Amino acid sequence: MSNTTAVNPLLAAAQGTRPSRRPVWFMRQAGRSLPEYRKVRAGIGMLDSCFRPDLVCEITLQPVRRHHTDAAILFSDIVVPLRAAGVDLDIVSGVGPVIERPIRDAQAVADLRALDPAQVEPVAEAVRLLRGELGGTALIGFAGAPFTLASYLVEGGPSRSHERTKALMYSDPDTWHTLLGKLADLAIVFLRAQVDAGAQAFQLFDSWAGALSLADYREYVQPHSARVFAAFEDAGVPRLHFGVGTGELLGAMGEAGADVVGVDWRVPLDEAARRVGPGRALQGNLDPAVLLGPWDAIETHVRRVCADADAALAVGATGHVFNLGHGVLPATDPRVLTRVVELVHGL
Ligand code: 1CP
């Protein structure tokens, strides 16, 4: 099975060639905003659903059928490979991932087991099913980046300040680097399983890296994310990288080895292109909350994102993938998403 399809607009834009139209997909396009998602998930736990290939395939396809996005993102979660490797955790509705025994010392890090590809075989099976169904629509795989995974493991759940995570980082750098090295290995095994099964691109989500200064990002995080990207240097799949509030880190996140740098709504794409430097594509960056406003405001913002992206191309960005600056909010009217896809494709 070929991992690249030159005609898919997302793959073209991500590889720096001219796409037939501006590609668009939405982070968190599968799931929460869709009634058909709530229907098939009824009575099935979030994590359980991620290990059922038939269900993963159906949920991944739902937004593509409805919105005609240029890409599907595998329905899964960043904690799925941790669960598969034996970490006692759950995804609690309305909260997010909750870790039974948070990892806060050298012993706990030593006890963290490596991921065996066989443990994520249901995910690989879902990818194979999806490639059979998707035709010309690109399939994006993903993993959590070492820092963002570490934050959940150390804090024990979602966090605003990431204070325990930073405390470990500053107080015991050896243990920190051992932990991030293990999490980089986990991401590599998880992504390898997806790419080998047919995922045509992948996104490394470092959602919470924006909590760090540039200097700390470079010292404590970037080498580990860079190792993940380097493992796929010759895989022939575009590598996307994204975090929230990462305006000051955009250059460093590109340098970690991303072909496409995701940008949240705080930095206009032309300015992002200056920060990232030439030779990489950009993805983003409509504020997801704009979609809760009236259509006039949505259209104005969508047009502005596309105009900023065109200006980004003029200063060296090699392509633009239209997306939100973070995930679709649960309250979003799915009909609005469909309309945004039509608008972007028509511009
Ligand atoms: O019960 C439910 O419905 C659970 C809600 C839910 C869903 C639908 C969670 C819990 N995860 C997911 C799916 C998911 N998670 C996807 C596939 C859907 C798609 O993109 O279309 C993806 C890509 C993720 C990735 C993910 N999980 C990230 C990175 C992306 C981002 O939004 O920044 C993060 C940080 C998580 C952790 C997580 N899992 C779930 C929640 C609610 C959270 C965030 C918790 C927090 O705020 O810290």
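The values are calculated or read from the model by the stated rules, or taken from the named source; none is laboratory data. Everything numeric here is computed off the predicted structure, so don't read it as measured data. As a convention, Cβ positions derive from the backbone with ideal geometry for all residues, glycine included, and neighbour counts pool all protein chains shown. Protein only, heavy atoms only, side chains kept; ligands, DNA and RNA dropped before computing areas. Shrake-Rupley method; radii C 1.70, N 1.55, O 1.52, S 1.80 Å.
The heavy atoms of Lys166 present about 50 square angstrom of accessible area, all protein chains included, probe 1.4 Å. Counting only protein chain heavy atoms and rolling a 1.4 Å probe, the accessible areas of Thr17, Thr332 rank, largest first, as Thr17, Thr332.
Dividing the summed helix terms, -39500 (n - 2.57) for each DSSP H run of n ≥ 4, by the number of residues in the chain produces a 222 nm estimate of -13500 deg cm²/dmol to the nearest 500. Only protein heavy atoms count here; on that basis, with a 1.4 Å probe, Phe75 has an accessible area of about 20 Å². Take the Cα of Asp54, step 7 Å toward its Cβ, do the same at Glu121, and the gap between the two points is 1.8 nm. Cys57 sits with roughly 10 Å² accessible to a 1.4 Å probe, with DNA, RNA and ligands left out of the calculation. Kirkwood hydrodynamic radius computed over the chain comes to 20.0 Å, based on all pairs of distinct alpha carbons.
Centroid-to-centroid, using Cα positions, segment 43-67 and segment 71-102 are 15 Å apart.
Direction-averaged projected area, Cα convex hull, segment 82-148: 6.2 nm², rounded to one decimal. For the set Arg21, Arg28, the ranking by accessible area, highest first and with no ligand, DNA or RNA atoms included, is Arg28, Arg21 under a 1.4 Å probe.
Segment 32-165: D in µm²/s via Stokes-Einstein (Kirkwood Rh, Cα pairs, 4 °C, 1.567 mPa s)?
Translational D for this selection: 81 µm²/s.
Summing Cβ point charges (Lys, Arg +1; Asp, Glu -1) relative to the Cα centre of the chain gives a dipole of roughly 720 debye. The GNM of the chain, with springs linking C-alpha atoms under 10 angstrom apart, assigns the highest mean-square fluctuation among Tyr170, Tyr217, Tyr37 to Tyr170. Between the beta carbons of Arg218 and Arg160, assuming R0 = 30 Å, the FRET efficiency works out to 0.85 to the nearest 0.05. Converting the Cα gyration tensor eigenvalues of segment 5-59 into ellipsoid dimensions via √(5λ) gives semi-axes, longest first, of 31, 12, 8 Å. Dividing the radius of gyration of the alpha carbons in segment 85-233 by their Kirkwood radius gives 0.98 for Rg/Rh. Roughly how many percent of the accessible protein surface of segment 208-321 is carbon and sulfur, given a 1.4 Å probe and a whole-percent answer? Carbon with sulfur: 51 percent of the solvent-accessible area. Model label sites at Val40 and Gln107, defined 7 Å from Cα along the beta-carbon direction, differ in position by 4.4 nm.
Think of the chain as a dipole: +1 on every Lys or Arg Cβ, -1 on every Asp or Glu Cβ, centred on the Cα centre; then among Ser171, Val336, Gln283, Val336 lies furthest on the positive end.
For segment 18-32, 3J(HN,Hα) computed residue by residue from phi via the Karplus equation (6.51, -1.76, 1.60; θ = phi - 60°) reads 6, x, 5, 7, 6, x, 9, 8, 10, 4, 6, 6, 7, x, 2 Hz, glycine and proline entered as x.
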